[in-house]
Amino acid sequence: MVTISIKKLTPLAKTPTPGSDFAAGYDLYSTEDYTLKPLERKLFKTNISIAIPNGLYGRIAPRSGLAFKDGIDTLAGVIDEDYRGEIGVILINLGSVDKKISAGDKIAQIIFENYSRAKFQDVAELPSSVRAEGGFGSTDVKKAEVKELAPPEGALKAFHTIVENLPGKSISELYQKGGGVPIKKRYSEEIKERQQ
């Protein structure tokens, strides 16, 4: 467990709280009254600032109840470890009716997650991958593409017809005579040969 230092900027501020003992997120509270109209977005103040420990960042996430019942979602939402300003929550009303937000209401949650520092290196070529440059749905499997890979209709039946009409030749004999893949004998036949 990590310790997060918190500074309350006004008496209206509330310390973030988990919804249960094992909740990943900590609820953030509004400090203002406002009615959010459909498709409107607004920055709500929480009147708190925090110091996030090294190696973590805070992710602002929507609350499932508000999202499901009212269509309220959050926008943006990365709080860097070196940010010391007030935590703000951008809400957007994706529902079809007004949503009244009151001071003290839970409006979002903050989840503390690990992150890695990265450095960028210029290269002439990138390592190859199976996906390569495919994007925007390139990994979706389409039935039409699978059909193109299948053998032409009737080809397998025609092959078997030709083989069956060859005089006195089984598929196994043809494979063996042509130096192809040998057909494995049945287990019962191998046992009989060992007993002789």
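General observations
- Amide H within-cut-off set for Ile48, under 5 Å, with H built and near neighbours excluded: Leu9, Ile87
- Legend: ranking of residues Ser49, Ser30, Ser116 from fewest to most surrounding C-beta atoms inside 10 Å; resulting order Ser116, Ser49, Ser30.
- Amide H contacts under 5 Å for Ile90, placed H, 5+ residues apart: Phe44, Leu75
- Subtracting the Cα-Cα distance of Thr17 and Glu81 from their residue separation scaled by 0.36 nm leaves 21.1 nm.
- Relative exposure of Leu12, Leu66, judged by other C-beta atoms within 10 Å (fewest first): Leu12, Leu66
- Using θ = phi - 60° and Karplus 6.51 cos²θ - 1.76 cosθ + 1.60, couplings along region 10-25 (whole Hz; Gly, Pro as x): 9, x, 6, 5, 10, 5, x, 10, x, x, 7, 4, 10, 5, 6, x
- Distant-in-sequence amide H partners of Leu28 (H built 1.01 Å from N, under 5 Å): Ile107, Ala108, Gln109, Ile110
Where a number appears in this text, it was derived from the coordinates with a stated rule and is not lab data. Quick caveat, the model's predicted, so the values are computed rather than measured. As a convention, Cβ positions derive from the backbone with ideal geometry for all residues, glycine included, and neighbour counts pool all protein chains shown.
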